[in-house]
Amino acid sequence: MRIHGRDNNEKRRGAFVLLTVLVVVAFLALAAYRYNDLMTAEYLATAGSHRAAQARVLAESGIYVAMRNLSAGEAIPDGPREVSLDPQSGALTGSYEIVMFDEESSRWSLNGLMDQDSKGDALRKVLEKAQSYVPELNTTVISAIIDWLDEDDELSEEGAENAYYMALETPYRCKNGPLDSLDELLMVRGVTQEMLDGSGTATGLRALFTANGRQVNYDPVDTEIIHINSLDLATLETKL
């Protein structure tokens, strides 16, 4: 009778262990299914983000193609099939991307200089100093930039106003106002892509100037920054 009792206990323990193993396996299978579901969602999200990035880059490429055609004075296409978006023949051997973050507060603001002096004398002095870095920036281009930014339609010496731009094959009006972006300089007479971006070791206007430079006047703890190089000594003494 004792031997028979031990056999029954061993069978009950074996059944309990089997049930425990089945429960553990079920939980592991559920966890694996959940993990697979999450990874599938992540894959779909990544693929969607990749397609969205491709669509955005294609849209930007279309804008630059239009800018190139307009700046080159070429005939405007009547339909999308007349625009060549794939000038490269054959397979590409490789590709790379360059991402840069620039500190714009260290550059001269073209709009800010015009705000200080609406006649453009301050901007002219700064642009003349930049000639040593950008050799193509001659006095004719400087005058054209000032005429593009000033509010009047009076032609400065060696400058360019509405009369010049409206006489082009593809006419447009002189801005006579602040720049929306530095790329707008490409519409100014005499400004080229190489002058704006630089070529080789040569410096471009983009490295020296910005359209709307801003400088934060507070540090991370909301303490006002005091510029000790300020020319207003009375105000500087009060702040210190």
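What the table below lists for this structure:
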| quantity | calculated |
| --- | --- |
| Any hit, segment 32-39, residues being at pLDDT 80 or above, assigned to a helix (DSSP H, G or I) and charged (D, E, K, R) | yes |
| Selection status of Glu169, in contact (Cβ under 8 Å) with a residue 12 or more places away in the chain, under 25 Å from Tyr64 (Cβ atoms) and not in a loop (DSSP other than H, G, I, E, B) | no |
| Any hit, segment 122-132, residues being outside any helix (DSSP H, G or I) and under 19 Å from Met187 (Cβ atoms) | no |
| Hey, Glu169 surrounded by 13 or more Cβ atoms within 10 Å (Cβ to Cβ) and not hydrophobic (A, V, I, L, M, F, W, C) or not | no |
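The values are calculated or read from the model by the stated rules, or taken from the named source; none is laboratory data. Because the structure is a prediction, the values reported are computed rather than measured. A quick note on method: Cβ atoms are made from the backbone with ideal geometry, for glycine too, and the neighbour counts reach across all protein chains shown.
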